[in-house]
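Contents: one structure, followed by commentary.
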Amino acid sequence: MKNAVIGIDIGGTKTTAALAIDNGYIVKMLRQQTRKDEDAETGYKTICKMIQNLLDEAHNSGFKITKIGVGFGGPVDFEHGIIYLSHHVRGWENFPLKEKLESSFGIPAIVDNDANAGAIGEWMFGAGKGINNLIYINVGTGIGGGVINNGKVLRGWKNLAGEIGHMTVKLNGPPCTCGRKGCLETLASGSAIAHEATSRLGKPLTSEDVFQLAQQGDIIANQIIEEAVEALAFAIGAAINLFNPERVIIGGGVSESPEHLFIEPLRNKLPKYTLPESIQGVEVVRAKLGYDAGIIGAIATALH
């Protein structure tokens, strides 16, 4: 009987679950959109159904599930497997996810936030393979971060290290979902770019629309992207000075934008916010795991 793991990626808009073997190969994957009226209890029931489906698949295929790895879109107490809260779905406050999963299925579970899971995934299988000191930043609907330091995830006292999306980059800036103002997430995330463009251009736009308009030469769209990149460079520059990484990996939906509009100007702006010795030789690269980074990160968390 071959060993395998189950990965669960829990986001604000969808939950993904997968059965994978020890080299990360995905045998079966399931996706479920998050309903607008969903809370933690209904979300947990959905997760349990998906896990049971994958356990049945594992049984039929002769696999033994050794671990369940979870990447959650929000702050997590990694040591105890407790969800602190979700900024997008109600009811997750102090939710003992690890305990509940282990009680329901009798399989050891590891629960981490999705940015740490993404960092582990890129380190094991993606753009960070072979690099033991790196920063991973997911720029999507929100912004999350994870730090690999000497081959280990940097966690901090309360397992909250890496929350770069909630670094204050503009005093008295736009309000954030965390209750504070001026967080990086309010200035450089996909939702922030979309909100700013909708406000300035007077029509509903997504971040993808903004990058498309910028490609076509729209001055305001280009200005909005430049401002977002500037905020990112400020925050990432501070993180480089703090953690001295060899590589910075940018993931999430926004990172898939044309390189000359996003990654390239970010590289060019970073020296303005870093010590010359800290930035020298640092590579800033796009994540390799793409759309499935979340679920591969959850699998990597189980394997790691």
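The values are calculated or read from the model by the stated rules, or taken from the named source; none is laboratory data. Computed from a predicted model, the values in this text were never measured in an experiment. Here the Cβ positions follow ideal geometry from the backbone for every residue, glycine too, while neighbour counts run over all protein chains shown. Only protein heavy atoms, including side chains, enter the accessible area calculation; ligands, DNA and RNA are left aside. Shrake-Rupley method; radii C 1.70, N 1.55, O 1.52, S 1.80 Å.
Things to note:
- The residues in the stretch 175-210 that are surrounded by fewer than 23 Cβ atoms within 10 Å (Cβ to Cβ) and in contact with a Leu (Cβ under 7 Å, 6 or more places away or on another chain) can be counted, and the count is 3.
- Pair list, Cβ under 7 Å, 6 or more apart: the stretch 26-45 residue touching a residue at least 60 places away in the same chain (Cβ under 8 Å) and among the aliphatic types (A, V, I, L, M), other residue surrounded by 15 or more Cβ atoms within 10 Å (Cβ to Cβ) and not in a strand (DSSP E or B): M29/I295
- Some residue of the stretch 202-212 being under 20 Å from the mean Cα position of the chain (by Cα) and part of a loop (DSSP other than H, G, I, E, B): yes
- Checked against (1) assigned to a helix (DSSP H, G or I); (2) surrounded by fewer than 23 Cβ atoms within 10 Å (Cβ to Cβ); (3) touching a residue at least 40 places away in the same chain (Cβ under 8 Å), S103 passes all but condition (3).
- Filtered residues of the stretch 59-83 (kept if within 20 Å of V153 (Cα to Cα), in contact (Cβ under 8 Å) with a residue 60 or more places away in the chain and not basic (K, R)): I68, G69, V70, G71, F72, G73, P75, V76, D77, F78, E79
- Number of the condition not met by W92 [criteria: (1) open to solvent by 50 Å² or more (accessible area, probe 1.4 Å); (2) modelled with pLDDT of 95 or more; (3) over 23 Å from I26 (Cβ atoms); (4) not hydroxyl-bearing (S, T, Y)]: (1)
- Hits in the stretch 67-82 - residues which are open to solvent by less than 50 Å² (accessible area, probe 1.4 Å), within 16 Å of G162 (Cβ to Cβ) and among the hydrophobic types (A, V, I, L, M, F, W, C): F72, V76
- Within this structure, E102 fails the test of being more than 18 Å from I8 (Cβ to Cβ) and acidic (D, E).
- Residue within the stretch 108-116 that is modelled with pLDDT of 95 or more and part of a helix (DSSP H, G or I) present: yes
- Of all the residues in the stretch 129-168, those that are open to solvent by 30 Å² or more (accessible area, probe 1.4 Å) and of a type in the set (A, V, I, L, M) number 3.
- Test for V229: is it open to solvent by 10 Å² or more (accessible area, probe 1.4 Å), more than 23 Å from G73 (Cβ to Cβ), in contact with a helix residue (DSSP H, G or I) (Cβ under 7 Å, 6 or more places away or on another chain) and modelled with pLDDT of 95 or more: no
- Scan the stretch 213-234 for residues that are among the charged types (D, E, K, R) and in a loop (DSSP other than H, G, I, E, B) and the total you get is 1.
- Scanning the stretch 236-295 for residues that are under 30 Å from A20 (Cβ atoms), outside any helix (DSSP H, G or I) and of a type in the set (A, V, I, L, M) gives V248, I249, I250, V284, V285, A287, L289.
- Annotation note: of R180, R200, the sole residue that is basic (K, R) and more than 24 Å from G146 (Cβ to Cβ) is R200.
- Tabulated pairs, the stretch 107-124, first surrounded by fewer than 24 Cβ atoms within 10 Å (Cβ to Cβ), second part of a helix (DSSP H, G or I) and not hydrophobic (A, V, I, L, M, F, W, C), C-beta under 8 angstrom, 6+ apart or interchain: P108/E102; A109/K98; A109/E102; I110/K98; I110/T301
- Unmet criterion (only one of (1) open to solvent by less than 60 Å² (accessible area, probe 1.4 Å); (2) over 16 Å from the mean Cα position of the chain (by Cα)) for N268: (1)
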